[in-house]
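The values are calculated or read from the model by the stated rules, or taken from the named source; none is laboratory data. The structure presented is a predicted model; accordingly, all values stated were derived computationally and were not measured. Don't worry about glycine lacking a Cβ; one is built from the backbone with ideal geometry, like all the others, and counts go over all protein chains shown.
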Amino acid sequence: MTGKVFTLGEALIDLLPYGNDGGIPLYAQMAGGAPANVAVCLASLGAQAYFVGKAGNDASGRYLEQSMRARGVHTDYFTPCSGHTALAFVSLDQNGDRDFTFYRENCADAMLTPQDVPTARFTPADILHFGTISCIAKPSASATAHAVRKAADCGTLRSCDPNLRLPLWPDPASARETIRAIAATAQLVKLSDEEADFLYGGEEEAAQALLSGDTILLLVTRGADGACAYSAEGPVSVPSPHVATVDTTGAGDAFVGAFLSRVIQAADADVSATDALRCLLREESKISQVLRFSCTCAALATTKKGAFQAMPSIQDVQSLLAGDN
């Protein structure tokens, strides 16, 4: 049996523009939140995905749970609480690029506690994936730190995608300091090229800083220009397939979900997820293949509106890869 991926952090409602009625803007309720998106992507690709988080005991929270379960995500550790489910109003430009306005006062996902994290289930065959929005406020910041420490103790592979949203942080300096500290605890870090610039001053600087510590692999996504993997074996870059982009929401989450699905596929009771990752990095052809798979998954996620709804199946990815050859 392959290992499990636990994604920890926020699940929220994305309100996306969906036309207008007599000049009145209409918005569609769609399930989202970066760690939840990664879990949905993993499940769509056949991996065992568990989401760890909280939502409000309200209609939006129930919609999120139903949406995850409908897509194969295990929600054993997704619990309701007294806070409200966070909202994000999304605006899209003509290229499908988005901007966010958040409503997170007294939000439920920030109420995650260390006791809510199923650390007793962590094994070396598993992966813990987390973001940094859960590091902004307590108690979720304590829950994230606790999960990372326990994962390290258990030999569970730690994966981090900061998912930088500067308006949610007190100021840029505190965002940079906190994100760099928590990213340094992960063995696999995924950054966008813009995040690498903000946090470290560039991709090569990010690789130098992270790979000198616990990080084994740094993944940098470059939007329509593809992605690059930095490791001790040297950098490997691949292009992204060309698609008709509608909405880029969740594309980065699709990329990291796809990548983790290939790692966890090779992990079992005899092979840890960390060893599976190291094995992948030993051959340039293997890492290139997984990068292409991940870029293809991310590209497909931009061809539909929303995040959960846009996550492709393994058949979708294989079909586009076959047509790209």
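For Asp275, state whether it is surrounded by 15 or more Cβ atoms within 10 Å (Cβ to Cβ), over 17 Å from the mean Cα position of the chain (by Cα) and assigned to a helix (DSSP H, G or I). Considered against the rule, which asks whether it is surrounded by 15 or more Cβ atoms within 10 Å (Cβ to Cβ), over 17 Å from the mean Cα position of the chain (by Cα) and assigned to a helix (DSSP H, G or I), Asp275 comes out as yes.
Could you please find all residues in the stretch 55-71 being closer than 20 Å to Met311 by Cβ and either of a type in the set (A, V, I, L, M) or in contact with a strand residue (DSSP E or B) (Cβ under 7 Å, 6 or more places away or on another chain) (or both)? Within the stretch 55-71, Ala55, Ser60, Tyr63, Leu64, Glu65, Ser67, Met68, Arg69, Ala70 meet the criteria.
Across the stretch 316-325, not a single residue is classified as under 22 Å from Gln187 (Cα atoms) and surrounded by 17 or more Cβ atoms within 10 Å (Cβ to Cβ).
For the stretch 184-191, the criterion of being within 20 Å of Ala137 (Cβ to Cβ) and either touching a helix residue (DSSP H, G or I) at 6+ places or on another chain (Cβ under 9 Å) or not polar (S, T, N, Q) (or both) is satisfied by at least one residue. In the stretch 252-280, what residues are of a type in the set (D, E, K, R) and either modelled with pLDDT of 95 or more or closer than 14 Å to Val38 by Cβ (or both)? Hits for the stretch 252-280 are Asp253, Arg262, Asp275, Arg278.
Applying the condition of being part of a loop (DSSP other than H, G, I, E, B) and under 28 Å from Pro17 (Cα atoms) to the stretch 98-133 and asking which residue is nearest to the chain's Cα centre (by Cα) yields Gly131. Search the stretch 76-97 for residues that are among the acidic types (Asp, Glu) and pair each with any residue that is assigned to a strand (DSSP E or B) and at pLDDT 90 or above when their beta-carbon atoms are under 7 Å apart and the residues are at least 6 apart or on different chains. Filtered contacts from the stretch 76-97: Asp76/Tyr50.
For the stretch 210-220, the condition holds for at least one residue, the condition being that it is at pLDDT 95 or above, closer than 19 Å to Leu321 by Cβ, in contact with a Leu (Cβ under 9 Å, 6 or more places away or on another chain) and of a type outside the set (D, E, K, R). Look at (1) surrounded by 21 or more Cβ atoms within 10 Å (Cβ to Cβ); (2) within 19 Å of Gly226 (Cβ to Cβ) and you find that Glu284 fails only one, number (1). Among the residues of the stretch 134-152, those that are among the charged types (D, E, K, R) and either in a helix (DSSP H, G or I) or crowded, with 18+ Cβ neighbours inside 10 Å (or both) comprise Arg149, Lys150. Consider the stretch 113-133 and keep the residues that are of a type in the set (S, T, N, Q) and without any contact (Cβ under 8 Å) to a residue 60 or more places away in the chain. The one that is surrounded by the most Cβ atoms within 10 Å (Cβ to Cβ) is Thr132. Residue-level check: of (1) more than 30 Å from Pro124 (Cβ to Cβ); (2) under 16 Å from the mean Cα position of the chain (by Cα), Val148 misses just (1). Quick one: is Arg104 within 21 Å of Ala31 (Cβ to Cβ) and among the basic types (Lys, Arg)? Yes: the conditions hold for Arg104.
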